[in-house]
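Working notes, structure below.
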Amino acid sequence: MLQIDILTLFPSMFEGPMTESMLWKARDRGLLDLRLHQIRDWATTRHKIVDDLPYGGGGGMVLKPDILVPAVESVLDAAPSGTPVLLMSPQGQVFNHNMATWLAQQPRFVMICGHYEGIDDRVRQLVVTHEVSIGDYVLTGGELPAMVIVDAVIRHIPGVLGAEGGAERESHADGVLEGPQYTRPPVYRGVSVPQVLLDGNHGEIERWRRVEGLRRTWQQRPDLLRTAPLSEDEKYLLARFAEEDAKRRRA
Ligand code: ADE
């Protein structure tokens, strides 16, 4: 059972995604305990104020440390020391497959969704263990990034994907992309399904899938090949793709 605590000013934003499809299944099967916490519940003033003007001037408001730090501490309560506390932020490390599988192995973790202009940096200094971004663009809040991360993480909890298939062979699982997929009909608008898939020789199909996955990575995400663990066979294939490509260019 993975416990995820999310601190947000907009818990209702999570209602749709949390009650649909995979997330719902994970909760229903007792594999995920997802808890939403309203940051405003830790506000101490009558008007439940959670933010204030930035020191030094400038636009926007800043979430107050004397609300967020106690909120995180009370959510952590008796959590084991070392429990990850993630701050959703465009300044963080960019989230990827490895972080998703690592988080899926934790017994629990906490996510803080910022909003407005930002949060007082002392929150980061005092309670945040990891600052995480979902890409090099700025969103209006951390809620959508938190949902993206929860979705990517729970797919790696054993039993969540069930009959829909495992997460082992999909894109990014071994550093490269998955090859193309086909279903019936065998010919659609003049475009045929590759013969090897129709022939049904499983060894041949496996080999074809590995080659096409590698080809796709080479064409669409060559940056991944710098770090992917490749066999000698695969390195040979990459050299052949490059050769074929050079030949095509000369023709
Ligand atoms: N908050 C605003 N933009 C973000 C991003 N790209 N990733 C994570 N949190 C964010």
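The values are calculated or read from the model by the stated rules, or taken from the named source; none is laboratory data. Only a predicted model underlies this, so the values are computations on that prediction, with no experimental measurement involved. Cβ: placed from backbone, ideal geometry, glycine included. Neighbour counts: every protein chain shown. Accessible surface is based on the protein model in full, side chains and every heavy atom, while ligands, DNA and RNA are left aside. Shrake-Rupley method; radii C 1.70, N 1.55, O 1.52, S 1.80 Å.
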State the dimensionless ratio Rg/Rh of region 143-251 (Rg: radius of gyration of Cα atoms; Rh: Kirkwood radius). 1.03
Counting only protein heavy atoms with a 1.4 Å probe and every protein chain in place, the carbon and sulfur fraction of the accessible surface of the chain in whole percent equals 51 percent
Looks like region 35-91, by Cα gyration tensor root eigenvalues a ≥ b ≥ c and the a/c under 1.5 rounded cutoff (else prolate when a/b is bigger than b/c, oblate otherwise), is oblate
Hey, with R₀ at 22 Å, roughly what FRET efficiency would E15 and Q106 work out to, going by the Cβ-Cβ distance, to 0.05? 0.35
Residue-normalised accessible area of the chain, expressed per residue, 1.4 Å probe, Å²: 60 Å²
So how much slack lies between K247 and D223, counting 0.36 nm per residue of separation and subtracting their Cα-Cα distance, in nm? 6.4 nm
Checking S192, S12, S81 against a Gaussian network model of the chain (alpha-carbon springs below 10 Å), the top fluctuating residue turns out to be S192
Most mobile of V69, V160, V196 in a GNM of the chain (Cα contacts under 10 Å): V196
Around G179, with a cut-off of 15 angstrom between Cβ atoms, what is the net charge of the other residues, counting Lys and Arg +1 and Asp and Glu -1? -1
FRET efficiency (L31, R184; Cβ distance; R0 25 Å; to 0.05) is 0.15
Can you work out the FRET efficiency for the pair L144 and R122, with r the C-beta to C-beta distance and R0 = 25 Å, to the nearest 0.05? 0.50
Expressed as a whole-number percentage, the relative contact order of region 173-250 with C-alpha contacts under 8 angstrom and at least six residues apart is 39 percent
Highest-MSF residue in the chain out of G60, G213, G118 [GNM, Cα springs under 10 Å]: G60
Which of the trypsin sites (Lys or Arg not before Pro) across region 10-106 are loop residues per DSSP, with 13 or fewer other Cβ within 10 Å? R29, R46, K48
Output ordering of 137-144, 107-114 (per-residue mean of other Cβ within 10 Å, highest first) is 107-114, 137-144
